[in-house]
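Here is the structure we will look at, set down as structure tokens.
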Amino acid sequence: MDDKGDFERGPNPIDLHVGARVRMRRKFLGVSQEKLADALGLTFQQVQKYERGANRISASKLFEIARYLQAPVAYFFEGLSEQTAMEGFSESQPEQFVHGFLMTPEGIELASLFPKLPPRYRRRVLELVRTMAEGDDVEN
């Protein structure tokens, strides 16, 4: 505890997860923070804080977000097991890396386009990326 008697810690892991899912869904739909904020009667800075997990999203606001982003409320909790929710969310290093990538514009675009490819092309793209990644290690 610090001098004020509060625990020193960052945002709640569940708030981080829900905020990241809001961001991912918003970006997937091509909705700006400003547009979402206007629809919710908020400032875009408030949406930023929600997405970073810095501010907790109330149940009523999450319901409005879900309705606007055309997703069930449960979508924002996907990836959290009951055990995880009870103990606090802790991603492994590879999971954090993948999650971080999926939150980038490139990651979101790739994740939305990749399933549209026929399976044979998916394998080819994967082989190309694997080869490029392995080659990058050798060159650097």
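Worth pointing out:
- Global geometry of segment 21-77, whether rounded, prolate or oblate, following the gyration tensor of its Cα atoms and the 1.5 cut on a/c: rounded
- Extension reserve of the ARG52-ALA133 stretch, reckoned as 0.36 nm per residue once the Cα distance is removed: 26.2 nm
Each value in this text was obtained by applying a stated rule to the coordinates, not by laboratory testing. The structure displayed is predicted, hence computed values, not measured ones.
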